[in-house]
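The block underneath contains the structure these notes are about, expressed in structure tokens.
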Amino acid sequence: QVQLVESGGGLVQAGGSLRLSCAASGRTFSSYAMGWFRQAPGKEREFVAAITWSGSNTAYADSLKGRFTISRDNAKNTMYLQMSSLKPEDTAVYYCAAKAGRTYYLNPYDYDYWGQGTQVTVSS
């Protein structure tokens, strides 16, 4: 089992950057595929990015490629989401998720563990 805690959210102006972190408990973090999702008010939770257990493979929502970068440091049991050129439409609660396995997963229903979320607000 793994527990996830997100941090790094906040208020930023359009065009700015933020780096989100997802800290995981447990000694088997490297056994988990990880993902970032977001949910805006009144909308469904949507896929942002995913990364394999080793960090060697990543996937992104098409609309976010080039602006967001997912990474992980297994020695620190932490995953990151570097967000740049932020837009007001990026405003949402951002969640990290984990699933035991070697590949990556794009569907939120594939994930077994979730963090509590961190709010990102981008002002225009």
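The values are calculated or read from the model by the stated rules, or taken from the named source; none is laboratory data. Worth saying up front: this structure is predicted, and the values here are computed from it rather than measured. No Cβ is skipped: glycine too gets one built from the backbone with ideal geometry, and neighbour counts run over all protein chains shown. Surface accessibility is based on the protein's heavy atoms, side chains included, excluding ligands, DNA and RNA. Shrake-Rupley method; radii C 1.70, N 1.55, O 1.52, S 1.80 Å.
Which condition from (1) touching a Leu at 6+ places or on another chain (Cβ under 6 Å); (2) touching a residue at least 40 places away in the same chain (Cβ under 8 Å) is the one that Ile70 breaks?
The one condition Ile70 does not meet is (2).
Of all residues in segment 29-63 being more than 14 Å from the chain's Cα centre (by Cα) and among the acidic types (Asp, Glu), which is least open to solvent (accessible area, probe 1.4 Å)?
Asp62
Does segment 52-71 contain at least one residue that is closer than 19 Å to Gly8 by Cβ and at pLDDT below 95?
Scanning segment 52-71 turns up at least one residue that is closer than 19 Å to Gly8 by Cβ and at pLDDT below 95.
For segment 64-82, give me each residue that is under 17 Å from Ala50 (Cβ atoms) and either open to solvent by 60 Å² or more (accessible area, probe 1.4 Å) or under 10 Å from the mean Cα position of the chain (by Cα) (or both). I'd like the intermediate steps shown before the answer.
Just the residues of segment 64-82 that are under 17 Å from Ala50 (Cβ atoms), to begin with: 64-74, 78-82.
If the condition is that a residue be under 17 Å from Ala50 (Cβ atoms) and either open to solvent by 60 Å² or more (accessible area, probe 1.4 Å) or under 10 Å from the mean Cα position of the chain (by Cα) (or both), then Lys65, Gly66, Phe68, Thr69, Ile70, Ser71, Met79, Tyr80, Leu81, Gln82 are the ones that fit.
Output the number of residues of segment 1-42 satisfying the condition of being free of Cβ contacts under 8 Å to residues at least 12 places away in the same chain and either of a type in the set (Lys, Arg) or not in a loop (DSSP other than H, G, I, E, B) (or both).
1
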